[in-house]
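This report refers to the structure that appears directly beneath it.
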Amino acid sequence: MLWLKNAHVIDPAQGISGIMDVAVQGGRVLTLGQGIAAAGLPDGGEAEVTDCAGKYLFPGLVDAHVHLREPGQEEKEDISSGSRAAVRGGVTSLICMANTSPVIDSQALVAFVAERGRRAALARIYPMAAVTKGMRGEELTEMAELAASGAKGFSDDGRGIQNGEIMRLALEYAKLTGCPVVSHCEDEFLAGKGVMRRGPASAAHGLTGVPAAAESVMAARDVLLAGETGGRLHLAHVSAKGTLAALRAGKAAGWDVTAEVNPHHLILTDEDVPLTNSDFKVNPPLPSAEDRDALLAALADGAIDMLASDHAPHTWEEKACPFEEAPFGMAALETALAALWTYLVRPGKLTAERLIDAYARRPAERFALAAGTLKPGAPADMVLFDPDWEETVTAESMASKSANTPFLGRKLRGYPVKTWVGGHLIFERRA
Ligand SMILES: [Zn+2]
């Protein structure tokens with residue numbers, strides 16, 4: 001038995017935030033409470049005791065938006081290296097996107113990803129399946145079969161579904177599976193060849209900009225389609241105020257719509273983009289300061305349901321080229337929690353309780369994963385978090401194969417120091 005004493009436990013699913021003890025047995029949470037008495041434990045307190053004073057203990061994070069690149073792009077990441085990166089970042093369950101090569105659009109490939117995840121034996125890895133065959137946006141996949149094989153949602157993430165009728169059908173058919181359709185909202189005509197958010201900053205750099213409407217127009221369409229079909233819609237990486245208007249309207253109407261935001265869209269803006277560093281190139285692009293503030297407000301008030309990293313690793317060689325030519329995407333699994341803590345929780349812009357609610361409880365609930373809480377009987381997926389642990393982000397320190405993060409070289413404060421999955425200690429941070 002594992003007995004964790006005097007931790008500041010945060011578990012929004014139980015409305016808990018306070019100093020407590022947690023006992024774990026058989027891979028599950030046995031009990032938790034203030035000053036658990038050894039006599040009350042089934043084996044009379046025969047336990048491995050860890051004193052957690054000064055640290056937080058919360059459910060392992062659940063990341064609903066991760067690119068692990070396997071099969072087909074293992075030079076960027078594979079399921080094993082991505083799993084190591086996840087647990088270093090406090091993520092114990094994740095859903096990985098279908099835009100691999102080949103695309104995850106068959107039962108065999110869904111099963112392959114799940115099996116590779118089990119073999120890596122670190123975080124719990126769940127596959128997202130594509131909405132359309134080959135992600136060509138033309139013909140729906142066999143959704144019921146894919147869900148039966150273990151897919152937790154459907155997404156052509158990486159590309160927007162340009163054809164509204166295909167999206168309508170996807171929302172209709174996905175209802176049979178209970179899984180959400182996850183929309184990467186991007187109108188390709190509006191986005192054009194843009195490489196950063198359109199505005200004064202893109203003009204100053206002389207770079208082609210993507211208008212915020214490239215996202216919001218499609219988000220509005222998809223919210224309306226969710227309303228019409230009664231389908232279950234999840235908006236990936238919301239980055240614009242107009243998208244929030246559509247999201248709030250859909251929720252007010254009682255439609256089954258949720259949304260996520262990525263840490264980089266809450267912390268950085270288009271004004272931070274250096275022309276010489278393509279690690280800041282991401283899709284959707286970094287927002288204006290006004291939009292960034294609106295995103296943070298929407299996360300705090302619950303209009304945006306959850307946090308997700310959109311971990312999108314690329315090799316150094318791919319990123320080491322002019323800004324216009326570099327691929328979109330940031331490696332984020334290992335820095336997401338530390339960056340959120342450093343830039344949002346520490347300055348009082350986001351509470352620790354809402355962070356854990358949005359990055360554990362809500363995604364687990366939305367995608368029906370057995371995770372996101374420390375209720376007795378739940379899998380003992382847990383993070384011990386030291387709010388004062390300081391570390392500089394370096395390529396060498398990362399388990400991911402890629403280090404394309406805008407936080408490279410920055411010192412972040414607040415890191416996971418121990419991560420357990422199913423009661424097994426699978427990561428311990430050392431100085
Ligand atoms: Zn996307």
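A few remarks follow.
- Scanning region 128-147 for residues that are within 16 Å of the ligand (Cβ to nearest atom), surrounded by 22 or more Cβ atoms within 10 Å (Cβ to Cβ) and either free of Cβ contacts under 8 Å to residues at least 40 places away in the same chain or over 20 Å from LEU109 (Cα atoms) (or both) gives ALA129, ALA130, THR132, MET135.
- Output for region 106-127, where each listed residue is crowded, with 22+ Cβ neighbours inside 10 Å and without any contact (Cβ under 8 Å) to a residue 40 or more places away in the chain: GLY117, PRO127
- If you go through region 292-316 and keep only what is of a type outside the set (A, V, I, L, M, F, W, C) and within 14 Å of LEU355 (Cα to Cα), you end up with ASP301, GLY302, ASP305, SER309.
- Count - residues of region 233-269 that are among the charged types (D, E, K, R) and surrounded by 24 or more Cβ atoms within 10 Å (Cβ to Cβ): 1
- Within region 86-99, residues that are more than 20 Å from THR405 (Cα to Cα) sit with their Cβ atoms under 6 Å from residues that are acidic (Asp, Glu) and away from the ligand (no atom under 13 Å from the Cβ), at 6+ positions apart or across chains, in these pairs: THR92/ASP381.
- When region 148-166 is limited to residues that are away from the ligand (no atom under 16 Å from the Cβ) and closer than 21 Å to GLU215 by Cα, the one that is surrounded by the fewest Cβ atoms within 10 Å (Cβ to Cβ) turns out to be GLU165.
- Counting only residues that are touching a residue at least 60 places away in the same chain (Cβ under 8 Å), touching a His at 6+ places or on another chain (Cβ under 9 Å) and within 15 Å of the ligand (Cβ to nearest atom), region 186-235 holds 1 of them.
- Strands (runs of 3 or more DSSP E) within region 336-431 that include 3 or more residues under 21 Å from GLY18 (Cβ atoms): 382-392, 411-421
- Flag if SER288 is in contact (Cβ under 8 Å) with a residue 24 or more places away in the chain, polar (S, T, N, Q) and more than 16 Å from the ligand (Cβ to nearest atom): yes
- Looking across ALA339, ALA371, one residue alone is away from the ligand (no atom under 16 Å from the Cβ) and not assigned by TED's automatic domain parsing to the domain that holds ALA64. It is ALA371.
- A single member of LEU247, LEU286, LEU266 is hydrophobic (A, V, I, L, M, F, W, C) and either under 15 Å from GLY194 (Cβ atoms) or part of a loop (DSSP other than H, G, I, E, B) (or both), and it is LEU286.
The values are calculated or read from the model by the stated rules, or taken from the named source; none is laboratory data. All of these numbers come straight from a predicted model, not from anything done at the bench. Virtual Cβ from ideal backbone geometry, glycine too; neighbours counted across all protein chains shown.
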